[in-house]
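The values are calculated or read from the model by the stated rules, or taken from the named source; none is laboratory data. What you are looking at is a predicted structure, and each value in this text was computed from that prediction instead of being measured. Because the Cβ atoms are built from the backbone with ideal geometry, glycine has one as well, and the counts that use them run over all protein chains shown. With ligands, DNA and RNA removed, areas are computed over all heavy atoms of the protein, side chains included. Shrake-Rupley method; radii C 1.70, N 1.55, O 1.52, S 1.80 Å.
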Amino acid sequence: MAGPTTAERGERQQESSGPPRARRFRFRRPRLRTIIILGAAVVLLGGVTLWVLYGSNWLRVERVSVSGTRVLTPAQVREAADVPVGDALVSVDTEAIAARLSRKLPRVDEVDVVRSWPDGIALKVTERTPVLTVQKGKNFIEVDDEGVRYATVSRAPKGVPALKLEPSRSGPAAASLRRFGEDRLVREAVRVAGAVPDAVARRTRLVEVRSYDDISLELSDGRTVAWGSGEQGEHKARVLTALMKATPDARHFDVSVPTAPASSGS
């Protein structure tokens, strides 16, 4: 039988030299045993993690640190915070601790309760700062920059003006008291104290409130300032500074209407 002709051999060679067929890859499904092993490892790891966080003695509260106090003592803060020493650190309710501090210690303005791994709770306290004081008998009530009366002390803090809140019980002043209420009048006094120029604030010993729009200052050297309401505080501060420079011997200054200031006395 005759072999393939030369033309047939050429055709076969041409076919064999063509592009190779694409190989098919088959992905084998993971074996059931492998899946079971991986699942067991995940469960075991989760169980160990939970035990370390909640069951072991490694991550439990052993110390409570306090920072930021000025008048309060760290011991007072720790007692009020009542941190559950010995409990798992991860389960400590930091919001409840902060709420207890704010409730038991009104002097505390803000507190940040932080977990300090592996075994501590850090209490970062910001105390309120008095801007005015109200005398009550032999004691003094401290008032902060929000008008909050938060603490009673036996001695007035140095450099903090006294607040005299004695509006008249009749006439326009009485109407002001009924309309705004005592708390609003205290906040207005705080607003005035915060707007007074620094040079004047350092010498202010008394802020007197007769009504909402009749607030005055008494300085340590006996000079007085009629301020009016707390409105236009920045404008009044600039006018008062200029007025005091222009009339240094005056004993009384009136900036209640800042567009028409006045000074008198010598």
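At a Förster radius of 30 Å, what calculated FRET efficiency corresponds to the Cβ-Cβ distance of residue 152 and residue 213, to the nearest 0.05? Mind showing how you got there, number by number?
On the way: r = 30 Å, r/R0 = 0.99.
After rounding, the FRET efficiency stands at 0.50.
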TODO: Mind pulling the per residue volume of the convex hull built on the Cα atoms of the stretch 131-266? Å³ is fine.
DONE: 112 Å³
Task: Net lengthening on full extension, residue 102/residue 126 (0.36 nm per residue, minus Cα-Cα) - done: 7.6 nm
TODO: Compute the FRET efficiency between residue 87 and residue 110 as 1/(1 + (r/R0)^6), taking r as their Cβ-Cβ distance and R0 = 22 Å, and round to the nearest 0.05.
DONE: 0.35
Open item on the list: Just to verify a number: what accessible area does residue 227 come out at with the full protein assembly present, 1.4 Å probe, Å² rounded to tens?
Closed with: 0 Å²
Open item on the list: Give me a comma-separated list of calculated 3J(HN,Hα) values for the stretch 251-256, in order, Karplus coefficients 6.51, -1.76, 1.60 applied at θ = phi - 60°, integers in Hz, x for any Gly or Pro.
Closed with: 10, 9, 10, 10, 10, 4
Task: Label-point separation in nm, residue 35 to residue 67, each point 7 Å along Cα→Cβ - done: 5.2 nm
Open item on the list: Once ligands and nucleic acids are excluded and a 1.4 Å probe is used, how much of residue 247 is accessible, expressed in Å² to the nearest 10?
Closed with: 40 Å²
Task: Compactness of the stretch 103-150, expressed as Rg and Dmax over alpha-carbon positions, Å - done: 14.9, 49
Task: Farthest toward positive dipole pole in the stretch 91-234 [+1 Lys/Arg, -1 Asp/Glu at C-beta], among 150, 116, 126 - done: 150
Open item on the list: Let me cross-check residue 36: its accessible surface, 1.4 Å probe, with only protein heavy atoms counted, in Å² to the nearest 10?
Closed with: 100 Å²
Open item on the list: Over the Cα atoms, compute the radius of gyration (one decimal) and Dmax (the largest Cα-Cα distance, rounded to a whole number) for the stretch 187-248, in Å.
Closed with: 10.7, 31
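Please report Rg over Rh for the stretch 58-122, where both radii come from the alpha carbon positions and Rh follows the Kirkwood definition. It would help to have the intermediate numbers written out before the result.
Details: Rg = 11.3 Å, Rh = 11.9 Å.
Ratio of gyration radius to Kirkwood radius: 0.95.
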